[in-house]
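Report on one structure; see the data block that follows.
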Amino acid sequence: MTQTPALSQGRTYLAIPGPSVMPDAVLQAMHRPSPNIYDGALIDMMPDLTRDLRRVARTGHDVAIYIANGHGTWEAALSNVIAPGETVLAPASGRFTHGWAEMAEGIGAKVQLIDFGTSSAWDLDRIADALRADKGQQIKAVLAVHVDTSSSIRNDIPALRKLLNDLDHPALLMADCIASLGCDRFEMDEWGVDVTVTACQKGLMTPAGTGFVFFNDKAQAKRAAMPRVSRYWDWQPRANPDLFYQYFDGTAPTHHLYGLRAALDLIHAEGIEQVWARHERLATAIWAACETWAEGGALHLNVADRARRSHAVTALRLTGGRGTALRAFTEHQLGLTLGIGLGMEDYDSCFRLGHMGHVNGQMVMAMLGGMETAMTALDIPRGKGALEAAAAVLAA
Ligand SMILES: Cc1ncc(COP(=O)(O)O)c(C=O)c1O
């Protein structure tokens, strides 16, 4: 008897919400011998590299680069502005705010957490209540996760800034745009963000391992008033190095820097506004397909309100714990890897689509086609015409 063949040979597609697909230009830029770290091209490229990083974050302020993932930049940012015993406010729309809050507790901060669950964006009235109740202005920072990758909620950072201004509350606005930088519109200076943390393996399309903390003058004033800051996390020498090694407090992440250079070139050649527009269009096509499938009653989008959905990741549920089965099918039969459900109680039902960074229309249609195939194989009831709905968005 002939066995049903697995169809997973060929170029596979990692469609998880980070690390994201790396462009060939990034891979090729890294394929080289170790450079001299004391003199020459690597050192010469740093001023333009930091300038171009700031352009992506839309800030004229300083940036410190760390050999660290997102967790590292969380701790780096906190260590520069929050002293033990100080309070931070953490409005949570998913697992990642909890993670940042735990990091704050780890450095001795008091955390006031407002939990909005895993399917709702911030309720600004509740945040306002917490800030109003803070009569002595004990809250020194608000930990604001722009896009929570676990829930795919995109929170309204400008509205939070307005709230802080309206209440005349001096807390620093600290934004995590690890999932949104280079995908969703993010404007550090225009939105009045004081500290931005991000990492390189999502919209910045490079291998995990470098992270960035951008900070403005208000944040720097708080840093200057700190009794002490951990030597390694201190952002001051990194942002204003007299010597090359001070950027990294030691040996530079040499190949990451070459990869990052290539990624920034791609972003700026396309234009950041165009990068955001591409992500929005691709996300809208994905939603059109998912909303059509959802008519069958088995598939659900985690975030109901389109205005609060990320353009870089979409969290979904398949009733009856069939998300895990769907992922297994797409990965083992088709060569398409989808993201696990993260921080959700119904782990086996939840899964996520990553559509961040180096993605285009044909990749999104392939991902949706893979899902359609898996749902056919698993006999999952669904609305008809999902791929047509997505195609209509891309064709428009
Ligand atoms: C929004 C957000 N914050 C923080 C992190 C943590 O980053 P890392 O896994 O690089 O430590 C992630 C990772 O997915 C994330 O999506």
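The values are calculated or read from the model by the stated rules, or taken from the named source; none is laboratory data. All figures in this text were calculated on a predicted structure; none of them were measured in a lab. Glycine gets a Cβ as well: all are built from the backbone with ideal geometry, and neighbour counts include every protein chain shown. Accessible surface areas use protein heavy atoms only, side chains included; no ligands, DNA or RNA. Shrake-Rupley method; radii C 1.70, N 1.55, O 1.52, S 1.80 Å.
In table form, for the structure just shown:
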{"read-out": "Lys/Arg +1, Asp/Glu -1 at C-beta; segment 25-268 dipole; positive extreme among Tyr232, Thr251, Ala64", "value": "Thr251"}
{"read-out": "Per residue accessible area of the chain, 1.4 Å probe, in Å²", "value": "40"}
{"read-out": "Solvent-accessible area of Glu102 with every protein chain in place, 1.4 Å probe, in Å² to the nearest 10", "value": "90"}
{"read-out": "Electrostatic dipole magnitude of segment 25-268 [Cβ: Lys, Arg +1; Asp, Glu -1; Cα centre; debye, to 20]", "value": "140"}
{"read-out": "Carbon/sulfur fraction of accessible area - the chain, other protein chains in place, 1.4 Å, %", "value": "51"}
{"read-out": "Percent breakdown of C-alpha pair distances by 20 Å bin, ordered from the shortest bin, for the chain", "value": "28, 55, 17, 1"}
{"read-out": "Segment 315-396 - charge dipole about Cα centre, Lys and Arg +1 at Cβ, Asp and Glu -1, debye rounded to 20", "value": "100"}
{"read-out": "Proximal lysines to Lys162, defined as alpha-carbon separation beneath 17 angstrom and excluding residues fewer than eight positions away on the same chain", "value": "Lys140, Lys218"}
{"read-out": "Rounded to 5, percent antiparallel among DSSP beta bridges of the chain", "value": "55"}
